[in-house]
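The structure appears below as structure tokens.
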Amino acid sequence: MRRRSFLKILSAGGATLPAAALSQPTKRTLEATSLGIIPNSAQNQTSVLQSAVDLAAKSGSVLNIPAGRYIVDQINLEENCSILGVGRATEIISANADKIFSASNKANISLEGLSLIGGRMRGGLAGDLLTFESCENINISNCRIEKHNGNGIWLRSCSGQVTDCDFEDFGQSAIHAQNSTNLQISFNKIYDCSNGGIRVWRDENGNDGTIVTNNQISGIGSESGNGQNGNGINIFLADGVIVADNVIANCAFSAIRANSTNNTIITGNQCNDSSEVAIFSEFAFSGSIIAQNIVDGAAMGISMANLDVGGRLAICSNNIVRNILPFSPTNPDTSPVGIFAEADTAIVSNVIENVPGAGIVAGWGPFLRNVMVSNNIIRQIKIGIAASVAPGAGVAKINDNMIIEASDAAIVGMAWREIVSADLVKDAPRFPNISLSDNLVS
């Protein structure tokens, strides 16, 4: 129906809708208690719940499970399975701290309004609480998912959504998605995970299209090494991913870490108290947009690194970066820097404040190529801007920046960690790879 035709129907004396609009099919429901499921029973109800789930899926019905506690082992979910709880008052508990639900090569599975509780056992199973492999149109919404040695949800080669769920206390990550197809992960709350918050990974580079948006993440540790662990949101080899409007705090490494990705958009996020680099685009990345984020508290604000392995092509704009730590609690190799870039990158219109090191660094040793640093405001720092002038370094353009209250120097030339020019403007003839103009220092 065209919009105009619809409005004519409403205005012609009638708010009468066409019959087709009134006849949308609705799923029938099956009440779990009528199928032998007993709320708050101390008995293991795996067999009866499996039968009820299978019947609901086969008949295309929604299985309604009332409020109460239900102890089960692993339940296999079939195609068109839909389970509905009562506003998370329906608690399904793993009998042996193993997985609760799993599915493989199925479509149209929905879990909604459930509390899914595993178990955190020393020396216990390191599997995942919910596992889905090669499944299409998964819907997990309005659920509480907590306590397990592995991941909360493990998805491999799946599409669908995980939305409006609460995750807490996992030995790995809350959500691990591998080889996804246009997955949406949104409006979730994630707390206290030992190794990660949300991971979007692939086996090899390829289009992924996952959107990670409007999640709240805090308390992410790194019990199993660094890099792939310790991050609020970690994107690895997954191309075309959007990370937007998330609030992330207290991560052992990065709030957002994109490793070897193409065409990644990181925008509108709040990143607080990261113990290493708050927003990291690293290794063989290409095409990162990092814009309109707030970084408040980190060992380094934003880094776009690793030209040595092909890391290049970024825009870093309109971010606020402030309150950088003098050292990293988790990685002693991290230097206190506001924004760092190496190749084919525009660093423009950012505001950087309170850095016990350099506000902006362009290049590292010979790893500098085509970096523009323009129209930034940098204040209350030791060094305003540092550019690499080491042998083999490429070109950088530094213009129209405001540098205020730089305690040590405004613009310097670096050869690796050594300052070889404390006043790069004065020494400009010595270093023709650096173009400088119209920078205001006060």
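The values are calculated or read from the model by the stated rules, or taken from the named source; none is laboratory data. Quantities reported herein were computed from a predicted structural model and do not represent experimental measurements. Ideal geometry is used to build each Cβ from the backbone, glycine not excepted, and the neighbour counts take in all protein chains shown.
Kindly evaluate Ala387 against the criterion of being within 35 Å of the chain's Cα centre (by Cα), at pLDDT 95 or above and more than 19 Å from Ile347 (Cβ to Cβ). When the stated conditions are applied, Ala387 does not pass them. Filtered by the rule that a residue be over 19 Å from Leu63 (Cβ atoms) and either polar (S, T, N, Q) or modelled with pLDDT of 95 or more (or both), the stretch 17-42 gives Ser23, Gln24, Ala42.
Mind listing whichever residues of the stretch 210-239 are among the small types (Gly, Ala, Ser) and buried (at least 17 other Cβ atoms within 10 Å of the Cβ)?
First, the residues of the stretch 210-239 that are among the small types (Gly, Ala, Ser): 218-219, 221-222, 224-225, 227, 230, 232, 238.
Correct list: Ser218, Gly219, Gly221, Ser222, Gly227, Gly230, Gly232, Ala238.
Would you point out which residue out of Val321, Val361 is under 16 Å from Ile404 (Cβ atoms), modelled with pLDDT of 95 or more and either of a type outside the set (Phe, Trp, Tyr) or part of a strand (DSSP E or B) (or both)?
Values: Val361 fails: under 16 Å from Ile404 (Cβ atoms).
Within the list Val321, Val361, the selection yields Val321.
Taking the stretch 365-442 as the region of interest, the strands (runs of 3 or more DSSP E) fully inside it that hold 1 or more residues being out of contact with any strand residue (DSSP E or B) (no Cβ under 9 Å at 6 or more places or on another chain) and either touching a residue at least 60 places away in the same chain (Cβ under 8 Å) or exposed (fewer than 15 other Cβ atoms within 10 Å of the Cβ) (or both) are 418-421.
Taking into account only those residues within the stretch 227-251 that are farther than 15 Å from Ala177 by Cα and either touching a residue at least 60 places away in the same chain (Cβ under 8 Å) or not in a strand (DSSP E or B) (or both), which is farthest from the chain's Cα centre (by Cα)? Full working, then the answer.
In the first step, residues of the stretch 227-251 are kept if they are farther than 15 Å from Ala177 by Cα; the result is 227, 230, 244-251.
Narrowing the set further to residues that are either touching a residue at least 60 places away in the same chain (Cβ under 8 Å) or not in a strand (DSSP E or B) (or both) leaves 227, 230, 245-246.
On the way: Gly227: 14, Gly230: 12, Asp245: 10, Asn246: 8 Å.
Looking at residues that are farther than 15 Å from Ala177 by Cα and either touching a residue at least 60 places away in the same chain (Cβ under 8 Å) or not in a strand (DSSP E or B) (or both), I get Gly227.
Could you tell me whether Ser82 is surrounded by 14 or more Cβ atoms within 10 Å (Cβ to Cβ), among the hydroxyl-bearing types (Ser, Thr, Tyr), closer than 27 Å to Ser104 by Cα and at pLDDT 95 or above?
Values: surrounded by 14 or more Cβ atoms within 10 Å (Cβ to Cβ): yes; among the hydroxyl-bearing types (Ser, Thr, Tyr): yes; closer than 27 Å to Ser104 by Cα: yes; at pLDDT 95 or above: yes.
Against the criterion (surrounded by 14 or more Cβ atoms within 10 Å (Cβ to Cβ), among the hydroxyl-bearing types (Ser, Thr, Tyr), closer than 27 Å to Ser104 by Cα and at pLDDT 95 or above), Ser82 qualifies.
Look through the stretch 240-249, keep the residues that are among the hydrophobic types (A, V, I, L, M, F, W, C) and in contact with a Ser or Thr (Cβ under 6 Å, 6 or more places away or on another chain), and return whichever of them is surrounded by the most Cβ atoms within 10 Å (Cβ to Cβ). The residue in question is Val241.
Do you know which residues across the stretch 288-311 are crowded, with 24+ Cβ neighbours inside 10 Å and either modelled with pLDDT under 95 or in a loop (DSSP other than H, G, I, E, B) (or both)? Within the stretch 288-311, Asn293, Gly311 qualify.
I need the full set of residues from the stretch 333-358 which are part of a strand (DSSP E or B), under 17 Å from Glu405 (Cα atoms) and not aliphatic (A, V, I, L, M), in order please. Residues satisfying the conditions are Gly338, Glu353, Asn354, Pro356, Gly357. In the condition set (1) touching a helix residue (DSSP H, G or I) at 6+ places or on another chain (Cβ under 9 Å); (2) modelled with pLDDT under 95; (3) not polar (S, T, N, Q), Gly14 is compliant with all but (1). Listed by position, the strands (runs of 3 or more DSSP E) enclosed by the stretch 88-160 that each have at least 2 residues that are farther than 27 Å from Pro39 by Cα and either in contact with a Cys (Cβ under 7 Å, 6 or more places away or on another chain) or at pLDDT 95 or above (or both) are 136-141, 153-156. Of the residues Gly36, Gly113, Gly85, the single one that is of a type outside the set (A, V, I, L, M) and out of contact with any strand residue (DSSP E or B) (no Cβ under 8 Å at 6 or more places or on another chain) is Gly36. Scanning the stretch 260-270 for residues that are buried (at least 23 other Cβ atoms within 10 Å of the Cβ), assigned to a strand (DSSP E or B) and of a type outside the set (A, V, I, L, M) returns a single hit, Thr264.
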